1. Tally the residues that are basic (Lys, Arg) and either free of Cβ contacts under 8 Å to residues at least 40 places away in the same chain or within 8 Å of ligand 1 (Cβ to nearest atom) (or both), restricting the search to the range 1-20.
2. How many residues does the range 148-176 hold that are free of Cβ contacts under 8 Å to residues at least 24 places away in the same chain and exposed (fewer than 14 other Cβ atoms within 10 Å of the Cβ)?
3. Which of (1) at pLDDT below 95; (2) farther than 19 Å from MET1 by Cβ; (3) away from ligand 2 (no atom under 12 Å from the Cβ); (4) open to solvent by 30 Å² or more (accessible area, probe 1.4 Å) is the odd one out, the single condition TRP124 does not satisfy?
4. Across the range 34-47, what is the total count of residues that are more than 10 Å from ligand 2 (Cβ to nearest atom) and either of a type in the set (Gly, Ala, Ser) or surrounded by 17 or more Cβ atoms within 10 Å (Cβ to Cβ) (or both)?
5. Could we say that LYS141 is within 12 Å of ligand 1 (Cβ to nearest atom), in a helix (DSSP H, G or I), farther than 29 Å from SER86 by Cβ and not hydrophobic (A, V, I, L, M, F, W, C) here?
6. Looking at the range 128-138, which of the residues that are in contact (Cβ under 8 Å) with a residue 40 or more places away in the chain and either part of a strand (DSSP E or B) or surrounded by fewer than 17 Cβ atoms within 10 Å (Cβ to Cβ) (or both) is nearest to ligand 1 (Cβ to nearest atom)?
7. Is there a residue being open to solvent by 20 Å² or more (accessible area, probe 1.4 Å), touching a strand residue (DSSP E or B) at 6+ places or on another chain (Cβ under 6 Å) and of a type outside the set (Ser, Thr, Tyr) anywhere in the range 102-113?
8. Give the residue, chosen from LYS153, LYS109, LYS147, LYS141, that is within 19 Å of ASP96 (Cβ to Cβ) and more than 17 Å from the chain's Cα centre (by Cα).
Amino acid sequence: MVLSSVAGGGKSTLIQMIRAKHPDLAFSVSCTTRAPRPGDKEGVTYFFLSKEKFESGIDKGEFLEWAKVHDNYYGTPVIFVNQCMSAGKSVIMDLDVQGAAQVKQKLGKEAITIFILPPNEEEWEKRLRGRGTDSEESILKRIKNGKEELAHKDEFDHIIVNDTLEHALSRLEEILF
Ligand code: ADP
Ligand code: 5GP
């Protein structure tokens with residue numbers, strides 16, 4: 001299952017909530033070249049790689065998909081997703097819209113793609129700033145990129161409006177179970 005949204009849409013929060021409730025759901029830990037933020041944990045939130053290591057991973061075909069997002073590389077290790085699929089386990093991927101499109105193209109019906117939509121622009125910006133993890137420059141870049149990402153929301157199998165977390169979580173459960 002692929003979850004995508006604009007930055008600050010609520011993916012990470014919803015993923016944490018659904019995994020706490022359904023511990024059997026696996027989470028695909030991505031590789032990235034971005035610097036760790038407070039709260040990030042190597043191997044838990046991301047595998048943090050140098051640009052050189054990431055590019056060598058691309059050459060060796062180690063990623064199910066990869067993309068450049070906000071000037072950094074992000075990619076999904078193919079081996080973990082394959083292991084989960086062979087074991088019949090559902091796996092959640094937190095991807096940008098480019099990654100979601102690549103996974104849909106590769107896995108077809110095996111992949112359910114969901115776009116998490118903030119209820120409105122004002123609330124979206126408020127949540128993005130309220131998270132307190134990004135500089136103003138990075139927030140402005142994320143808003144600009146987010147507006148481009150919003151244009152792709154209709155390519156997803158489902159759209160969930162994240163008005164309240166309770167509502168968004170129950171929609172997510174309806175889709176998955
Ligand atoms: P993403 O992973 O998509 O970038 P986050 O899960 O980090 O987004 O959410 C961004 C911020 O918005 C976080 O501070 C989170 O606590 C808050 N948030 C998410 N969903 C809601 C909601 N439905 N109501 C209020 N705040 C929310
Ligand atoms: P952040 O830096 O805020 O953790 O993530 C930035 C963006 O990168 C988010 O939209 C997130 O969904 C996306 N992302 C995280 N991991 C991957 C990945 O493996 N592949 C792709 N394509 N996007 C990812």
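1. First, pick out the residues of the range 1-20 that are basic (Lys, Arg): 11, 19.
Filter once more, so that each one left must be either free of Cβ contacts under 8 Å to residues at least 40 places away in the same chain or within 8 Å of ligand 1 (Cβ to nearest atom) (or both): 11.
Within the range 1-20, residues that are basic (Lys, Arg) and either free of Cβ contacts under 8 Å to residues at least 40 places away in the same chain or within 8 Å of ligand 1 (Cβ to nearest atom) (or both) number 1.
2. Filtering the range 148-176 for residues free of Cβ contacts under 8 Å to residues at least 24 places away in the same chain gives 148, 151, 154, 164, 166-167, 170-171, 174.
So of that shortlist, the ones also exposed (fewer than 14 other Cβ atoms within 10 Å of the Cβ) come out as 148, 151, 154, 164, 166-167, 170, 174.
Counting residues in the range 148-176 that are free of Cβ contacts under 8 Å to residues at least 24 places away in the same chain and exposed (fewer than 14 other Cβ atoms within 10 Å of the Cβ) gives 8.
3. If we test TRP124 against (1) at pLDDT below 95; (2) farther than 19 Å from MET1 by Cβ; (3) away from ligand 2 (no atom under 12 Å from the Cβ); (4) open to solvent by 30 Å² or more (accessible area, probe 1.4 Å), just (4) comes out false.
4. 2
5. On the way: within 12 Å of ligand 1 (Cβ to nearest atom): no; in a helix (DSSP H, G or I): yes; farther than 29 Å from SER86 by Cβ: yes; not hydrophobic (A, V, I, L, M, F, W, C): yes.
When the stated conditions are applied, LYS141 does not pass them.
6. ARG131
7. Of all residues in the range 102-113, those open to solvent by 20 Å² or more (accessible area, probe 1.4 Å) come to 102, 104-110, 112.
Applying the additional criterion that residues be touching a strand residue (DSSP E or B) at 6+ places or on another chain (Cβ under 6 Å) yields 102, 104.
Of the ones still in play, those that are also of a type outside the set (Ser, Thr, Tyr) are 102, 104.
Yes, because at least one residue in the range 102-113 is open to solvent by 20 Å² or more (accessible area, probe 1.4 Å), touching a strand residue (DSSP E or B) at 6+ places or on another chain (Cβ under 6 Å) and of a type outside the set (Ser, Thr, Tyr).
8. Working: LYS153 fails: more than 17 Å from the chain's Cα centre (by Cα); LYS109 fails: within 19 Å of ASP96 (Cβ to Cβ); LYS147 fails: more than 17 Å from the chain's Cα centre (by Cα).
Criteria check complete, one pass: LYS141.
The values are calculated or read from the model by the stated rules, or taken from the named source; none is laboratory data. These figures come from a predicted structure and were not determined experimentally. Note that each Cβ is placed from the backbone with ideal geometry, even for glycine, and that neighbours are counted across all protein chains shown. Please note that ligands, DNA and RNA were not included when accessible areas were found on the heavy atoms of the full protein model with its side chains. Shrake-Rupley method; radii C 1.70, N 1.55, O 1.52, S 1.80 Å.
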